[in-house]
Amino acid sequence: MENLMTYALTVFMSFFAVMNPIANTPIFLGLTAGENKESKKKIAKTATITAFIIVVSFVIAGKYIFELFGLTIPAFKITGGILIFYIGFQMLMSQKAKIHSSDSEDKSNIAISPLAIPILAGPGTIVAAMNNVTNASLVHIGIIIFIFALMIYLTYLAFSFSDLIVKKIGTSLISVIGKLMGLVLSIIGTGMVVDGIKLTFKL
């Protein structure tokens, strides 16, 4: 039971570091500028549900995707670790991660892109999900889906109350949170690379 709790906490931290609902709130506000409260809630709902479906699809079919493309777990861990480290490093250096950038001005489609893809269900999130699901049992897969559902719900709440959150917390504190999550993300990425190297050379 204790091992499952530790695993759940690890999964939660990896998803939280990548998605970071608080740090993504100003992005949501920027993309939905000019929209009324009801419209913002509708966009938030569509974006979070779409992201949930995409990531859960990878969680459930992850092993088959590996077999289909001939991917190996060590190679995935090393490549995914480098990607996650790079995203975390950008956050730590106060640079907007490229997977979060978008020039889209089409308000009717922002719920799908760029909000659902790639801000919520981007490469970093998918890598984190598939890293957690490699060699996982049905119980562990259930935990991953539950934790991700919780993260999606927290993101929906953050987006729904985005105006209030930014007003109360302030952009400076949000920036600090983003830097801390960048550090956590970089450490997770480094850990994945180390695990991948160990598996490759059977250390």
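The values are calculated or read from the model by the stated rules, or taken from the named source; none is laboratory data. The shown structure was predicted, so the numbers you read here are calculated from the model rather than taken from an experiment. Here Cβ is always computed from backbone atoms with ideal geometry, including for glycine, and neighbour counts include all displayed protein chains. Quick note on the areas: whole protein, heavy atoms, side chains included, nothing else; ligands and nucleic acids left out. Shrake-Rupley method; radii C 1.70, N 1.55, O 1.52, S 1.80 Å.
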Notebook entry, point to check: Given the conditions (1) outside any helix (DSSP H, G or I); (2) without any contact (Cβ under 8 Å) to a residue 12 or more places away in the chain, which single one is not true for THR6?
Noted result: (1)
Check: Is there a residue being on the phi < 0 side of the Ramachandran plot and modelled with pLDDT under 80 anywhere in the stretch 41-55?
Finding: no
Margin query: Could you list, ordered by first residue, the pairs with Cβ atoms under 9 Å in which the first is in the stretch 62-76 and open to solvent by less than 40 Å² (accessible area, probe 1.4 Å) and the second is modelled with pLDDT under 75 and polar (S, T, N, Q), at least 6 apart or interchain?
Written below: GLY62/THR134; PHE66/THR134; PHE76/THR134
Note to self: Tell me whether the stretch 167-174 contains one or more residues that are outside any loop (DSSP other than H, G, I, E, B), buried (at least 20 other Cβ atoms within 10 Å of the Cβ) and either without any contact (Cβ under 8 Å) to a residue 40 or more places away in the chain or in contact with a helix residue (DSSP H, G or I) (Cβ under 7 Å, 6 or more places away or on another chain) (or both).
What the structure shows: no
Check: For the subset of the stretch 75-101 comprising residues that are of a type in the set (Ser, Thr, Tyr) and closer than 18 Å to ASN20 by Cα, which member is modelled with the highest pLDDT?
Finding: TYR86
Checklist line | All positions within the stretch 132-142 that are open to solvent by less than 30 Å² (accessible area, probe 1.4 Å) and over 24 Å from TYR156 (Cβ atoms) | finding: THR134, ALA136
Next item on the list: Exactly one condition in (1) open to solvent by less than 30 Å² (accessible area, probe 1.4 Å); (2) at pLDDT 80 or above; (3) within 16 Å of the chain's Cα centre (by Cα) is not met by GLY122; state its number.
Entry: (2)
Notebook entry, point to check: Looking at the stretch 147-166, which of its residues are hydrophobic (A, V, I, L, M, F, W, C) and surrounded by fewer than 19 Cβ atoms within 10 Å (Cβ to Cβ)?
Noted result: ALA149, LEU150, LEU154, LEU157, PHE161, LEU164, VAL166
Notebook entry, point to check: of a type in the set (A, V, I, L, M, F, W, C), assigned to a helix (DSSP H, G or I) and either closer than 22 Å to ILE78 by Cβ or modelled with pLDDT under 90 (or both) - does that describe any residue in the stretch 195-202?
Noted result: yes
